[in-house]
Amino acid sequence: MRHFAIVGSGPAGFYTAEALEKAYGDQARIDILDRYPVPYGLIRFGVAPDHQSLKAVSKRYDKVAESAGVDFIGNVTVGRDVSVAELLGLYDAVILAIGAPHDRKLGIPGEDLHGVIGSAEFVGWYNGHPEFAELDPPLGGTHAAVIGNGNVALDCARILSKTRAEFEGSDIVGHALDALDASAIRTITILGRRGPHQIAMTPKELGELGHLDATLPVVDLNDFPPVESDQALEPGQRKSVSILREFANIRANKPKTMIFDFFARPVRIEGEEGKAERVIVERTELDEKGAARGTGETYEVPASLVISCIGYSTPPIEGVAYDERGGKFLNEKGRIADRLYAVGWARRGPTGTIGTNRPDGYEVADQIAAAMEPGSSQDRPGAEGLKRLLAERGVMPTDYDDWRKIEETETTRARPGSPREKFVRPEEWFGVLGR
Ligand code: NAP
């Protein structure tokens, strides 16, 4: 028998569990650890609540969690409750699938003003993430700025734009829905430091913006290179750029606008009494290598809420080699050290879709299977040893049935069309479990 510990129960963790189960059958016990009693990481706390088709992938992970060789062990923080070195003593291999939950910093003056938040915080707030559910972002002003030209920027801008009715059928948490419904924001400016050809936004996500009930997407065609030059783009990017161009042709009167401001690099955030009021932006142009180069010309973008969506990083864990620049674990094709691996964003950095994690997890599982042939055995204690250690330390692990109880409570409280309006808040978790 082999024992594997996967740290993190998001997409990368679950695809790796699925792959290891396929490789080893009943010759392995696979434990998926998470710091929270609720699994699925990015699916529950990161994917936008109005993108239910993406969230539905958790049904596939349910099947993995329910299979005989796999266990979910929640409420255990690796690096605090148990070290990676200890896990390596208990398990044949340890796979770090902890994602990239921390916001990258802008590194500009004014970043600490009230009203300037990172996308992990904002996204966590509307998804009921334990660390950010109480964020209470300032929505009382009329102007917001979203920094970055990726899909997360689109998620944040779209969530700020939607009406209450447009959230019907989503699983947005109740406190965020009420606050967004009462929001005074009328202008959302998306700041991209480069141009339309350099966006990291995908066609489906951009296309949604043309159909918002109360918000009009606005572009300035002067920011675009000649339309013929779109031909040189790869097809997906060409589609994205053509959707952006079409926004210029929408003729409609809507109460809110979402302005795409290209070649606009934030250089400082200013405001009185410690609160953000405006972003000072420098006009840029592309240099020979396609990077943003400042022109020296600056202007102001009013914003009492500034959300930076410029990427994420994986937190370091004591004793694990770390790549500071990349914000991920130092690894060679997922291998960090003997019997220690990384998958997903903790391996590659914060890029790619949920599906990208599948081949990633399978590749690492293949490496493990090559190093420890299915059928071979080592007498490591696995979950039994881990649970003994946690009990000595007063840590109370939770299991998959506990998660089911939390989920059932949520379902019972929900009204149709709003499944997480009254979600089980982190402070209620152990009450629901009767502990
Ligand atoms: P991303 O795609 O890497 O985009 C980050 C953006 O931030 C880029 O436009 C980048 O511009 C900009 N940026 C970086 N540093 C900056 C700075 N200092 N100042 C101004 N702008 C800066 O990252 P993401 O949006 O966080 O998304 C992460 C991954 O999740 C992506 O693969 C994304 O597609 C995926 N995702 C998918 C969906 C979906 O499928 N619905 C939803 C959300 C996220 P430069 O290009 O100039 O560096």
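Roll a 1.4 angstrom probe over the protein heavy atoms and tell me the percent of accessible area of the chain that is carbon or sulfur. The nonpolar share, carbon plus sulfur, comes to 51 percent. Site pair residue 251 and residue 413 shows an inter-label distance of 4.9 nm when each label is modelled 7 Å from Cα along Cα→Cβ.
By the Stokes-Einstein formula, at 1.002 mPa s and 20 °C, the range 351-415 with its Kirkwood radius over alpha-carbon pairs has D equal to 133 µm²/s. Each Lys and Arg Cβ is given +1 and each Asp and Glu Cβ -1; about its Cα centre, the range 144-269 then shows a dipole of about 360 debye. When only Cα pairs below 8 angstrom with a gap of at least 6 residues are kept, the chain shows a relative contact order of 25 percent. Computed 3J(HN,Hα) for the range 107-123, one whole-Hz value per residue from the Karplus formula 6.51 cos²θ - 1.76 cosθ + 1.60 where θ = phi - 60°, is x, 10, x, x, 5, 8, 5, 4, x, 9, 9, x, 5, 4, 5, 5, 5, glycine and proline marked x.
Most fluctuating residue of 339, 80, 425 in a GNM of the chain with Cα springs under 10 Å: which is it? In the Gaussian network model the winner is 80. Between amide H atoms placed 1.01 Å from N, distances below 5 Å from residue 336 occur with 341, 342, all of them 5 or more places distant or on a separate chain. Under 5 Å from the amide H of residue 28 lie the amide H atoms of 2, each residue being 5 or more positions distant or on a separate chain, with H modelled from the backbone and absent for Pro and chain starts.
Distance distribution P(r), the chain, all Cα-Cα pairs, bin width 20 angstrom from 0: 25, 53, 22, 1 percent.
On a per residue basis, the range 1-56 carries 26 Å² of accessible surface, using protein heavy atoms and a 1.4 Å probe.
Each residue, residue 234 and residue 324, gets one label point 7 Å from its Cα in the Cβ direction; the gap between the two is 3.2 nm. Calculated accessible area for the range 251-314 comes out at 50 Å² per residue, all protein chains present (probe 1.4 Å; ligands, DNA, RNA ignored).
Whole Å is fine, so just give me how far the alpha carbon centre of the range 152-180 lies from that of the range 271-345. The range 152-180 and the range 271-345 have Cα centres spaced 25 Å from each other. Taking N as the residue count of the range 263-385, its C-alpha radius of gyration divided by 2.2 N^0.38 Å amounts to 1.62.
Listed values for the range 62-71 are Karplus-derived 3J(HN,Hα) couplings in whole Hz (6.51 cos²θ - 1.76 cosθ + 1.60, θ = phi - 60°), namely 3, 4, 5, 4, 7, 6, 4, x, 10, 10, and x replaces Gly and Pro.
Close amide-amide hydrogen proximity is noted between residue 418 and 169, each under 5 Å apart and 5 or more residues distant or on a separate chain (H modeled in the peptide plane; Pro and chain starts excluded).
Among the listed pairs 59/239; 204/289; 204/254; 328/387, those whose Cα-Cα separation exceeds 25 Å are 59/239; 204/289; 328/387.
The values are calculated or read from the model by the stated rules, or taken from the named source; none is laboratory data. Please read all numbers here as calculations on a predicted model, not as lab measurements. Note that we place each Cβ from the backbone using ideal geometry, even for glycine, and neighbour counts take in every protein chain shown. Quick note on the areas: whole protein, heavy atoms, side chains included, nothing else; ligands and nucleic acids left out. Shrake-Rupley method; radii C 1.70, N 1.55, O 1.52, S 1.80 Å.
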